[in-house]
Amino acid sequence: MKLFILFLVNMLKLRDYQEEYIQELRTQISQGKNRLILCAPTGAGKTVMFSFMVSEHLKRGGKAIIFTHRFELLKQASGAFNKLGLKANLISGKTKTDFKAPLHVSMVETFNRRKTELTNLLQEKTLIIFDEAHLLNFEKIMPLINDSSIVIGATATPYRKPKEAQLKDFYHAIVHKADTPDLINKNQLTQAKSYGISIDLKGLKKTATDYDTSSYYSENKTYQGVVKNWERIAKNTKNSATRVTVAGSNEDKSPVSENLLYPVKNCALTKLIKNRDKNIIPSGKPLFISLIEI
């Protein structure tokens, strides 16, 4: 008998809009649409929603697998699993795969390298989750999926470039119940205050469909004054600055910033996450962190 996902009240407290998402997903599945996009803005709790779905699916004898493209997202999902009392078997090069486990998590590239031995495992899964479903690397897995399996792709940006394979070629429908302004109005997200300067794009070359800004920022000294403005606008608060290059990030280290009472940490995002448990971010101190390529 085909398994349907039924969603009941769980120990994980869902927000009202999350319940609306889950109810709509259930409705779409009951109508025979078993490949769905869960589209929700950053901060809406997509991981919480699909983890809740997985929990309810497993209670009814289903088998599930969650695919991500980054190790950090595996850890994020694990946190939600813990709240639901779930235990997932991690598919990796360093762990032994338990083929009898009802729940697996895997990075897509790892699974693809081992697809010969893991295809049957995937065929047996009745619920498959793709986190950040708009990314192209999930295309490698899709042909291996059983036609009767329920597939949910979670993403905040359901868009691909015109020449790329489109999400509509694989998914049957999109479930979209809330946008960022909706979550701000519900006090689930903080209202953003934006500051900026005028950028002159004249003379910039294009790479594919985007501007090549590799030399623009340094030549036009766009980043000068970042730390001073941080002091002026956000003094005594913790902040992060996203930079596209390591060289650009190094520009944050000015004679002024080196003498600030508010220390400047200069590190790549991967290093920041890897050392998160080693207090790379001191607690209780104002901090300006320069992150590379978020």
Could you list, in sequence order, the residues of the stretch 100-139 that are polar (S, T, N, Q), without any contact (Cβ under 8 Å) to a residue 60 or more places away in the chain and over 23 Å from LYS87 (Cβ atoms)?
ASN112, THR116, THR119
Between residues in the stretch 25-47 that are farther than 20 Å from LYS186 by Cα and residues that are part of a helix (DSSP H, G or I), which pairs lie under 8 Å by C-beta distance while being six or more apart or on different chains?
LEU25/MET53; LEU36/LEU25; LEU36/GLN28; LEU36/ILE29; ILE37/LEU167
Scan the stretch 161-182 residue by residue and report those that are of a type in the set (A, V, I, L, M, F, W, C) and assigned to a loop (DSSP other than H, G, I, E, B).
ALA165, PHE170, ALA178
Pick from the stretch 82-126, criterion of a type in the set (Lys, Arg) and out of contact with any Leu (no Cβ under 8 Å at 6 or more places or on another chain), ranking: surrounded by the most Cβ atoms within 10 Å (Cβ to Cβ):
LYS125
Across the stretch 13-60, which residue is surrounded by the fewest Cβ atoms within 10 Å (Cβ to Cβ) among those that are of a type in the set (A, V, I, L, M) and part of a loop (DSSP other than H, G, I, E, B)?
LEU14
When residues of the stretch 26-47 are filtered for being closer than 20 Å to MET142 by Cα and of a type outside the set (S, T, N, Q), how many remain?
8
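Rundown of residues vs (1) in a loop (DSSP other than H, G, I, E, B); (2) at pLDDT 90 or above; (3) among the hydrophobic types (A, V, I, L, M, F, W, C), yes/no style:
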| site | (1), (2), (3) |
| --- | --- |
| THR97 | yes, yes, no |
| LYS125 | yes, yes, no |
| ILE129 | no, yes, yes |
| SER148 | yes, yes, no |
| ILE184 | no, yes, yes |
| GLN191 | yes, no, no |
| GLY196 | yes, no, no |
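The values are calculated or read from the model by the stated rules, or taken from the named source; none is laboratory data. This is a predicted model, so every value here is computed, not measured. Ideal geometry is used to build each Cβ from the backbone, glycine not excepted, and the neighbour counts take in all protein chains shown.
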